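Below: the structure, in structure tokens.
The values are calculated or read from the model by the stated rules, or taken from the named source; none is laboratory data. The structure presented is a predicted model; accordingly, all values stated were derived computationally and were not measured. Positions of Cβ are generated from backbone atoms using ideal geometry, with glycine treated the same way; all protein chains shown enter the neighbour counts. Accessible surface is based on the protein model in full, side chains and every heavy atom, while ligands, DNA and RNA are left aside. Shrake-Rupley method; radii C 1.70, N 1.55, O 1.52, S 1.80 Å.
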Amino acid sequence: MQARVASMEDVKEARQAAAAAQGQGRVLPTGMLKVFLGFLLLGVGLSAAGMYMARHAVAASAPALFRPCLGVAEEEPPEGLERWTRPPARVEHAMTDEELLWRASFAPRARGYPFPRVPKLAFMFLTRGPLPLAPLWERFFRGHEGRYSIYVHALPSYRANFTSDSVFYQRQIPSKVAEWGQMTMCDAERRLLANALLDISNEWFVLVSESCIPIFDFNTTYQYFQNSSKSFVMVFDDPGPYGRGRYNWNMTPEVELEQWRKGSQWFEVDRELAIAIVKDTVYYPKFKEFCRPHCYVDEHYFPTMLAIEAPHSLANRSVTWVDWSRGGAHPATFGRGDITEEFLRRVREGRTCLYNNQNSTMCFLFARKFSPSALQPLLELAPAVLGYG
């Protein structure tokens, strides 16, 4: 019995000892928790201080674009007029033709410009590919930076290889295939005009081809356009089969037979007429649908439309010389053997015309068609005969 009691007491003592030990165990975690909480609070404080310092250090050096994300936005300076007057940095863009024509048709209604503006000549090269006479044009443009712009419309598959020091470097605009005698040719010309109109300093728009050459120096050419009261678009009424004979009666009422006109594809227009061409939605659908086939729409669309809409703005002639004396569907082409001093002087001075309602012997500023073989003799004669080079 005593042994049993002793055993019970032993058990009781053992339980008491275990309880004591358990009580001691509960005390130890509480102390450790306090220490842990102290370290935790210290760590949080240090982290917050570090984040604050890092935040302000990054904000001080971050570009303005990212500062609003860091909560320290800076005020941007108010926009000025430059946004609207600055020309595009490059001619490449992602606009569709519809978007481009719409954008190019913007025009201020107020007369004059409230900022310094140097009027420029926009030279628009309509070509299938290379510009074999480019070295001659380079000499023509040399030293006149800021008074001209260049735009090249070639086949979409063609990539020019001009070096960075060339005036033609990266001047090829987004293009589409253009076929002679088709509406796609007029589309290409409107595309060139629209791209050039994006530069508000461009005042005159000159359409040339890869076979054209300038026959006067740049200053003479520049002043000729700047002082002219008329745009240079050849417009005439041809009653024969190659004029009115191409008229389609479905053109009415927008274009009546007696309004049908013909002219040269190569034109030189001021900014006002350039805008009129790109914004047209009245005559374009008619010509696109009914001036085909064998109508040669590029000879009729612009002359007819401008003769109806702006007859008093036209000189009714082009300043691009061509020779049709050999007959055929295309004008004469001149090569190395044709290029002489006498020939060039005859092209420059061989006719009389009206300029600002006065008689003048300076009727042409450009001439075509010249083959690549004509380049070398042209370069040799240009300083003495053409006045540049």
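Using only alpha carbon positions, build the gyration tensor of segment 340-389, then give the equivalent ellipsoid semi-axes as the square roots of 5 times its eigenvalues, largest first, whole angstrom. It would help to have the intermediate numbers written out before the result.
Working: eigenvalues 115, 25, 17 Å².
Over the Cα atoms of segment 340-389, the ellipsoid semi-axes are 24, 11, 9 Å.
What does the charge add up to near Met251, with Lys and Arg as +1, Asp and Glu as -1, over the other residues with Cβ less than 13 Å from its Cβ? Intermediate results must be reported in sequence, preceding the final value.
Working: positive: Arg244, Arg246, Arg261, Lys286, Lys288, Arg292; negative: Glu254, Glu256, Glu258, Glu289.
Summing Lys and Arg as +1 and Asp and Glu as -1 gives +2.
Can you pull out the trypsin sites (Lys or Arg not before Pro) in segment 73-123 whose DSSP state is coil and whose Cβ has at most 14 other Cβ atoms within 10 Å?
Arg90, Arg109, Arg111, Arg117
With a 1.4 Å probe and every protein chain left in place, work out the accessible area per residue of segment 194-263 in Å², rounded to a whole number.
Values: 2570 Å² over 70 residues.
Counting only protein heavy atoms, the per-residue value for segment 194-263 is 37 Å².
Counting only protein heavy atoms, what percent of the accessible surface of segment 245-389 is carbon or sulfur at a 1.4 Å probe?
Ligands and nucleic acids excluded, carbon and sulfur reach 48 percent.
Where in segment 201-225 does the amide nitrogen come within less than 19 Å of the point 7 Å from the Cα of Thr85, taken along Cα to Cβ?
201-204
Among residues other than Gly129 whose Cβ falls under 13 Å from its Cβ, what is the net charge (Lys/Arg +1, Asp/Glu -1)?
Charge balance near Gly129 sits at +1.
Can you give me the solvent accessible area of Asp238 with a 1.4 Å probe, rounded to the nearest 10 Å²?
40 Å²
Computed FRET efficiency, Cβ-Cβ of Arg292 and Arg345, R0 41 Å: what is it to the nearest 0.05? Each step should come with its number before you reach the end.
Numbers: r = 41 Å, r/R0 = 1.01.
The value I calculate is 0.50.
Around Gln182, under 10 Å between beta carbons, what's the net of Lys plus Arg minus Asp minus Glu among the other residues?
-1
By its C-alpha gyration tensor, with a ≥ b ≥ c as the square roots of the eigenvalues, how is segment 282-389 shaped: rounded for a/c under 1.5, else prolate for a/b larger than b/c, else oblate?
oblate
Between the DSSP loop rule and a limit of at most 13 other Cβ atoms within 10 Å, which GluC sites (Glu not before Pro) in segment 238-269 are left?
Passing sites in segment 238-269 are Glu256.
How much accessible area per residue does segment 292-389 have, in Å², with a 1.4 Å probe?
I get 50 Å² per residue for segment 292-389.
What is the extension gain from Val177 to Met95, computed as 0.36 nm multiplied by their sequence separation minus the C-alpha to C-alpha distance, in nm to one decimal?
That works out to 27.8 nm of additional length.
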